[in-house]
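I have placed the structure first, in the form of structure tokens, so that the comments after it can refer back to it.
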Amino acid sequence: LTADQAALVKGAWDKVKTSEVEILAAVFSAYPDIQAKFPAFAGKDLASVKGSAAFALHATRIVSFISEVISLSGNPATAPAITTLVTELANNHKNRGVTQAQFNEFRTALTNYVSSNASWGDNVAAAFNQAFDNVYEIIFANL
Ligand code: HEM
């Protein structure tokens with residue numbers, strides 16, 4: 001990402017990044033097949049697990065990972081660190097049998113969440129799309 005694109009992504013992400021539980025709930029609600037991959041939540045009613053400590057813990061891990069990658073974006077010097085983190089994420093998820101289609105579902109749900117909860121426009125949307133394209137290129141090469 002350019003520094004300008006990274007600033008747009010950061011500005012939008014800052015509005016949602018403390019809503020960890022709501023973000024994961026939105027992903028699970030839109031795509032139950034993603035919830036079904038989590039041993040702690042598979043087969044359970046979303047409403048019954050959403051308030052649990054385990055749910056908050058998982059949500060915080062996922063959202064913190066995204067925050068870390070975004071914080072490293074927009075700077076060529078930290079691009080290798082992003083590649084390392086994302087390659088490790090891809091390998092962990094490959095071992096769990098997560099598919100490209102599921103990653104694309106996650107992208108749709110997360111983009112919908114951010115676009116409805118942060119100020120959004122064509123420039124922000126384009127920056128988010130570029131960010132996902134960059135990260136998913138690494139993930140899909142390793143999945
Ligand atoms: C665990 C991030 C997409 C299923 C995790 C963890 C992080 C994370 C940080 C905890 C660290 C680890 O164990 O690797 C992300 C990000 C995603 C993504 C940033 C998208 C860009 C998905 C998708 C699925 C999925 C699409 C399923 C369809 C899981 C499962 C775990 C996990 C099953 C392990 C939960 C457990 O410990 O029981 N994810 N994830 N993830 N993720 Fe993801």
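The values are calculated or read from the model by the stated rules, or taken from the named source; none is laboratory data. In this text, all values refer to a predicted model and were calculated from it rather than measured experimentally. Using ideal geometry, Cβ is built from the backbone for each residue, glycine included, and neighbour counts are taken over all protein chains shown. These area figures cover heavy atoms from the full protein model, side chains too; ligands, DNA and RNA do not enter into them. Shrake-Rupley method; radii C 1.70, N 1.55, O 1.52, S 1.80 Å.
Numerical summary
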quantity: Tally, over region 15-28, of residues that are without any contact (Cβ under 8 Å) to a residue 24 or more places away in the chain and part of a helix (DSSP H, G or I); calculated: 1
quantity: Only one of Ala126, Ala109 that is within 17 Å of the chain's Cα centre (by Cα) and open to solvent by less than 40 Å² (accessible area, probe 1.4 Å); calculated: Ala109
quantity: Residues of region 68-97 that turn out to be on the phi > 0 side of the Ramachandran plot and open to solvent by 80 Å² or more (accessible area, probe 1.4 Å), as a count; calculated: 0
quantity: Selected residue [basic (Lys, Arg) and either more than 14 Å from Val135 (Cα to Cα) or at pLDDT below 95 (or both)] from Arg96, Arg107; calculated: Arg96
quantity: Filter result for Ala125 (of a type in the set (A, V, I, L, M), in contact with a helix residue (DSSP H, G or I) (Cβ under 6 Å, 6 or more places away or on another chain) and at negative phi); calculated: no
quantity: Test for Gly43: is it closer than 17 Å to Ile23 by Cβ and over 15 Å from the mean Cα position of the chain (by Cα); calculated: no
quantity: Filter pass, Phe140 being modelled with pLDDT of 95 or more and either within 8 Å of the ligand (Cβ to nearest atom) or within 14 Å of the chain's Cα centre (by Cα) (or both); calculated: no
quantity: Test for Phe65: is it modelled with pLDDT of 95 or more and buried (at least 17 other Cβ atoms within 10 Å of the Cβ); calculated: no
quantity: Residue in region 33-40 that is of a type outside the set (Gly, Ala, Ser), near the ligand (Cβ under 8 Å from one of its atoms), open to solvent by 50 Å² or more (accessible area, probe 1.4 Å) and outside any loop (DSSP other than H, G, I, E, B) present; calculated: yes
quantity: Qualifying residue in region 47-58 (condition: closer than 23 Å to Ile138 by Cα and buried (at least 17 other Cβ atoms within 10 Å of the Cβ)); calculated: yes
